[in-house]
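Peer 1: Before I ask anything, here is the structure I am working with.
The values are calculated or read from the model by the stated rules, or taken from the named source; none is laboratory data. Model, not experiment: these values are computed from the prediction. Counting neighbours? That spans all protein chains shown, and the Cβs are built from the backbone with ideal geometry, glycine included. Surface accessibility is based on the protein's heavy atoms, side chains included, excluding ligands, DNA and RNA. Shrake-Rupley method; radii C 1.70, N 1.55, O 1.52, S 1.80 Å.
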Amino acid sequence: MKKTLSLLAIFVLSLGSTLAQKDLKIWFKSPAKTWNDALPIGNGRLGAMIFGKVDNELIQLNEESIWDGHRINDNNPQSLAHLKEIQNLLLNGENNKAHELMKKYMLATPSNFGSYQTLGNIRFDFGSNFSARNYQRSLDLGSGVAKVSYNQNGVSYLRESFASAPDNCLVIRLSANKGKSISFKANLYREYDASVSNPSSNTLLMSGQILATNSMVTGEGGPGLKFNTLLKVINTGGRVQTANNSILVEGADEVLLLVTAASDYNLQKLNFDRSIDPKNKVEAILAKASEKSYAQLLQRHLEEFSPLMAKMSFELDGEDKSKLATDERMAQIRKGAVDLPLTTLYFQYGRYLLLSSSRAPGILPANLQGIWNEHYEAPWKSDYHTNINLQMNYWPSDVANISNTVAPFVNFVDAYREPGRIAAQQMYGAKGWMLHHATNIFGRTGIISGIHWGTSPLAAAWLCLNAWEHYRFTGNKAYLQQQAYPIMKEAAQFVQDFLIRDKNGFLVTAPSMSPENTFKLPNGKSDQITYAPTIDIMLIQELYRACIEAGTLLKDDKQFIKELNNTLRQLPPIKISKRTGAIQEWIEDYEEAEPGHRHISHLLGLYPANLIHPENTNLFEAAKKTLERRLANGGGHTGWSRAWIINFYARLLDGEKAGENVQMLLQKSTLDNLFDNHPPFQIDGNFGGTAGIAEMLVQSHNGYIELLPALPKSWSKGAVKGLVARGAFEVDIQWKDNKIETASLFSKIGGKCKVKYQAKTISLNTKAGQRYDLTKLLSR
Ligand code: FUC
């Protein structure tokens, strides 16, 4: 049933109304025992993990560009000469032989890179022997302020910390309810490649250069990135002095610590740049910040950060357990308890973490750990994996109303076009740009760490889909024209040149793989390398469709669009396996070596792409089988894999299964501080989880905005405000007994849309800046 509504702006509700969500705090009754329990703060560029220890407080620091390595062309120079041979072997079913040649001629040189590293620690020694009472540490997601409070020897102490974007530094205030009570010694510490000095009586300066000479570090050797960290202590009352590269504070009433850091990294060069002086930078930042009082710094921070978080609120009716500490709630969840308000907290935490690791003044995207990393040699180098993980990091950006997080991602992808063109040329003799399955901040594009992990030649095409979605959500045509489309077009140009014809006359990619999964060959052996895995066909279809739509809108070269259409007609079809009834993962119906594999790449067409939807029934049913099969064989065991499954079930319109997997994500893959646990900590599950929850509440990929498409029965009553639908619409919904009570839509830029709720669909012709009440329309 369709009801067309022309320009009937029924209600203009108060704009930007935000409902303050009650449960927006994570908190604990004791200090963090390990890094995984500490509290993360970040301003997109600087990050800190606050342990909240009473006597020996530890604040671990990060700066987004502290990486081991330097710019290098790692493309194997022998690749192109052997490409044809490798491709022919694959087309003739000689996968193992092709694989062997790839190891020799296609693996990156060097085949690995160094890690994103910790910046170091601030260590405090309060030198007190008294035990603490009434201890609490908390992180308020709405304000981004972390607090540690306790009583000691009759005095109440409070530490407040936040990462300020407007003042580009970390701000820490120590206060007490009794004068002269604050005394401590503090220092800056980094185990490798740095030294600390006292430029003045109240500052500590760390000066470093990543040398890649430690046995722990697998960089290319030689001096690398230069960096500085500056810490300034501003006391009220008492005395401050420096000694042995430490700061001593005695008998102060209150102490303000300002900390900032910078490196000589230059994103445009994808390398360090010796014309940048990080010492000048940190001095200038703190000179400005220290002109302001704590109250002014806080106010400036709140004015910037709180409105970003307040763009959304989300509540689910359930027992209010906010009186329990977060680790106590998590312990209950691990035993099987359902805590729906914690689900909403988890959702908001994903938004909080992405804002804190990916927004100006930051220039680099959120990596595998966002911005928080305590290691010199992190798991998977805390790098940018581009065969699911980096893409997943940005799934919540638009739908969860934090679209300002996208800029560091898109700028990074844009910067990679230059080394990406070289990779396309040198390895494949192709135009356009490309990279493989993982990269760092130094322009690496080669197949790293092993042919069986790294052969993902369409990773750039996948990154482009995020850039395209950002346009679909915002409707920002200037962005599409200037940034997204050029990136997409060049990625498509690479694909055009890379495709070859198989024996059946189809255009196929070779060599390639279905990320990280292994199949069994008829000869009893196994392999990962093949041609035209299903994910590639899906990526090409989705990218080309996007390029055709964007190119047509922007009136780009018709010939190019024609070529893309021609190619689309010659791709192999997406097949359903005769063996299993599931979507076939490879060009041949190979048996999986690991049927419960964490990557479910052949469902890319279900999410994030839109090739499998309820209208193409066969594929839709096969997608269900694919998931069931993966899960029956132990799938979803990593946090990000579980998060992807939530998104899949939301797209399959299966609220129960989506809800079950949200529960599993919390139960099995979430640490006490709500960080995602791969294991180990890896942040993509947080971001994929937040996106999945959003996808359960609103979907807009298929030409209409669907309200509550995958609501579990147990989420019977709730309210969400500020979810975003494609076309730049904000959606508010309130429901009870699993039925919508009120719903409204705010149109940011005007335009037509259709809204669907259960069996009803209505059409609206909206005006920019108007809010439309959907309640009556949808209940008619
Ligand atoms: C991919 C995944 C792993 C891990 C790594 C960072 O290789 O298969 O599970 O998330 O990225």
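Peer 1: Take the Cα atoms of the range 511-561, build their convex hull, and give its volume per residue in Å³.
Peer 2: So the per-residue hull volume is 82 Å³.
Peer 1: In square nanometres, what is the average projected area of the Cα convex hull of the range 36-127?
Peer 2: With every direction weighted equally, the projected area is 9.7 nm².
Peer 1: While we're here: Put +1 on the Cβ of each Lys and Arg and -1 on the Cβ of each Asp and Glu in the chain; which of V724, H70, A252 then has its Cα farthest toward the positive end of the dipole?
Peer 2: V724
Peer 1: Let me check I've understood the local charge: for L390, count other residues with C-beta under 10 angstrom from its C-beta, Lys and Arg +1, Asp and Glu -1. What total comes out?
Peer 2: So the environment of L390 carries a net charge of -2.
Peer 1: Using label points projected 7 Å from each Cα along Cα→Cβ, tell me how many nm separate F620 and K33, to one decimal.
Peer 2: The answer from the label model is 4.9 nm.
Peer 1: If each DSSP helix of 4+ residues adds -39,500 (n - 2.57) and the sum is divided by the residues in the chain, what number results at 222 nm, nearest 500 deg cm²/dmol?
Peer 2: Helix-only estimate at 222 nm: -9500 deg cm²/dmol.
Peer 1: Another one. Convex hull volume of the Cα atoms in the chain, per residue, in Å³?
Peer 2: Spread over its residues, the Cα hull of the chain gives 157 Å³ apiece.
Peer 1: Moving to a separate point now. Once both axes come from the Cα atoms, what is the angle between helix 95-105 and the longest principal axis of the chain, in degrees from 0 to 90, rounded to 10?
Peer 2: The angle comes out at about 50 degrees.
Peer 1: Share of the chain's accessible area from carbon and sulfur, percent, 1.4 Å?
Peer 2: In the chain, the share of accessible area belonging to carbon and sulfur is 49 percent.
Peer 1: Taking 7 Å along the Cα-to-C-beta vector as the label spot, tell me the L324-K776 distance in nanometres, rounded to one decimal.
Peer 2: Distance between the two pseudo-spin positions: 4.4 nm.
Peer 1: Something else now. So how much slack lies between L554 and N129, counting 0.36 nm per residue of separation and subtracting their Cα-Cα distance, in nm?
Peer 2: Value of the extension gain: 146.1 nm.
Peer 1: Now, a different point. With charges only on Cβ, +1 for K and R and -1 for D and E, what is the dipole size of the chain about its Cα centre, in debye, rounded to 20?
Peer 2: 1580 debye
Peer 1: Roughly how many whole Å is it from the C-alpha centroid of the range 522-542 to that of the range 614-635?
Peer 2: Each part reduced to its Cα centre gives a spacing of 18 Å.
Peer 1: For a label point 7 Å from the Cα of K477 along Cα→C-beta, name the residues of the range 537-565 whose backbone N is under 19 Å from it.
Peer 2: Counting backbone N atoms under 19 Å from the label point, the list is 546-558.
Peer 1: Sticking with this one: Tilt of helix 617-632 relative to the longest C-alpha principal axis of the chain, in degrees (0 to 90, nearest 10)?
Peer 2: Tilt relative to the chain: about 50 degrees.
Peer 1: Turning to a different aspect of this structure: Taking the Cβ of G688 as the centre, find all other residues whose Cβ is under 9 Å away and add up their charges (Lys, Arg: +1; Asp, Glu: -1).
Peer 2: Overall, the nearby charge balance is -1.
Peer 1: Counting heavy atoms of the protein chains only and a 1.4 Å probe, report the per residue accessible area for the chain as a whole number of Å².
Peer 2: 35 Å²
Peer 1: Between 0 and 90 degrees, rounded to the nearest ten: what's the tilt of helix 278-289 against the longest Cα principal axis of the chain?
Peer 2: The angle comes out at about 60 degrees.
Peer 1: Would you please report the Å³ per residue occupied by the convex hull of the alpha carbon atoms in the range 437-563?
Peer 2: Per residue, the Cα convex hull of the range 437-563 comes to 119 Å³.
Peer 1: Still on this structure, please answer the following. Go through the range 258-310 and name the trypsin sites (Lys or Arg not before Pro) that are in a DSSP coil and have 11 or fewer other Cβ atoms within 10 Å of their Cβ.
Peer 2: R274
Peer 1: Taking the highest mean first, how do the peptides 620-629, 483-492 order by number of other beta carbon atoms within 10 angstrom per residue?
Peer 2: Per-residue Cβ counts within 10 Å, averaged per peptide and sorted highest first, yield 483-492, 620-629.
Peer 1: Using the Cβ atoms and a cut-off under 11 Å, what net charge is assigned to the surroundings of G179, where Lys and Arg are +1 and Asp and Glu are -1?
Peer 2: My count for the surroundings of G179 gives 0.
Peer 1: Which of L46, M427, G454 sits closest to the plus end of the dipole of the chain, meaning its Cα is farthest towards the positive end, when Lys and Arg get +1 and Asp and Glu get -1 on the C-beta?
Peer 2: L46
Peer 1: To continue, here is another question. Search the structure for amide H atoms under 5 Å from the amide H of L723, placed 1.01 Å from N in the peptide plane, and list their residues when 5 or more places away or on another chain.
Peer 2: V731
Peer 1: Using 1/(1 + (r/R0)^6) with R0 = 25 angstrom and r between the beta carbons of E100 and E588, what's the FRET efficiency to the nearest 0.05?
Peer 2: Working from the Cβ atoms, E equals 0.80.
Peer 1: Quick check: pseudo-label points 7 Å beyond the Cα along Cα→Cβ at D273 and R579, how many nm apart are they?
Peer 2: 5.2 nm
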